[in-house]
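A short worksheet on the structure shown next.
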Amino acid sequence: MGNGMNKILPGLYIGNFKDARDAEQLSKNKVTHILSIHDSARPMLEGLKYLCIPAADSPSQNLTRHFKESIRFIHECRLRGEGCLVHCLAGVSRSVTLVVAYIMTITDFGWEDALHMVRAGRSCANPNLGFQKQLQEFEKNEVHQFRQWLKDEYGENPLKDAEEAKNILACRAPRMKKCACPLPKKMLQPCSSECHHKMRREIIQCTVGSVFKVSHLGTGQNGMLHF
């Protein structure tokens, strides 16, 4: 299936639905935990630990309420020296939002710097505008409490993520690695055009065609497809 998932930090990857079913790729990257966030999230493979969050890629979808359980799931995996894949359908919006919130919590980054860091590893990372607003509000109102909670719960972070993140921004951001995600940059923002719908259908057919029928999909608000 190809090496579609992208490494963001040691033990932390972002990918799409297809990557989450690729046993060879998961084994190669020592992935033991999968955080699955999309409309029909459910465990897919045996022998892996899952956190499944049903959520639509809609600006009105509240992801903030899932930040704490997601951060806990990712952090506990990484503290064990294991690998966690965070994925949605295309690995562009929902999964990226959760990873950005995690990076904000383990570093002193604001949401924009955290997103830039994610894009250094996965250039197609692009949360929808509603999720960006939620990250902005998280930075303004909650991230300091989350940082203290994480420290109280797990102690000092032995992974030296703050230093690693700063190095990634300094060294990798200017030459961002090409993302394996099939969405071209011009299609990353939601729109109502038929070309956007066509692109989304092609992605879904390629990614989940063996599990879901495209005929069962419906178009929601903001030009997004849901299943």
Exercise. For region 36-69, what are the residues that are out of contact with any strand residue (DSSP E or B) (no Cβ under 6 Å at 6 or more places or on another chain) and hydroxyl-bearing (S, T, Y)?
Worked result: S40, S58, S60, T64
Problem set entry | In region 102-135, residue farthest from G155 (Cα to Cα) [restricted to those that are among the hydroxyl-bearing types (S, T, Y) and crowded, with 24+ Cβ neighbours inside 10 Å] | Y102
For this session: Could you tell me whether A125 is at pLDDT below 95 and either within 18 Å of I37 (Cβ to Cβ) or in a helix (DSSP H, G or I) (or both)?
Result: no
Exercise. If you go through region 157-173 one residue at a time, do you hit one that is within 24 Å of M44 (Cα to Cα) and either without any contact (Cβ under 8 Å) to a residue 60 or more places away in the chain or of a type outside the set (G, A, S) (or both)?
Worked result: no
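So that you can scan it fast, the table gives a plain yes or no per residue for (1) aliphatic (A, V, I, L, M); (2) within 22 Å of E156 (Cα to Cα); (3) in the same structural domain as K160 (by TED's automatic domain parsing); (4) within 15 Å of the chain's Cα centre (by Cα):
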residue	(1), (2), (3), (4)
H38	no, no, yes, yes
A41	yes, no, yes, yes
L79	yes, yes, yes, no
V100	yes, yes, yes, yes
Exercise. Wholly within region 2-101, which strands (runs of 3 or more DSSP E) include no fewer than the required count, namely at least 1 residues that are surrounded by 24 or more Cβ atoms within 10 Å (Cβ to Cβ)?
Worked result: 6-9, 12-15, 31-38, 83-87
Problem set entry | Candidates C191, C195, C179, filtered to the one that is in contact with a Lys or Arg (Cβ under 6 Å, 6 or more places away or on another chain) and at pLDDT below 55 | C179
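The values are calculated or read from the model by the stated rules, or taken from the named source; none is laboratory data. The shown structure was predicted, so the numbers you read here are calculated from the model rather than taken from an experiment. Note that we place each Cβ from the backbone using ideal geometry, even for glycine, and neighbour counts take in every protein chain shown.
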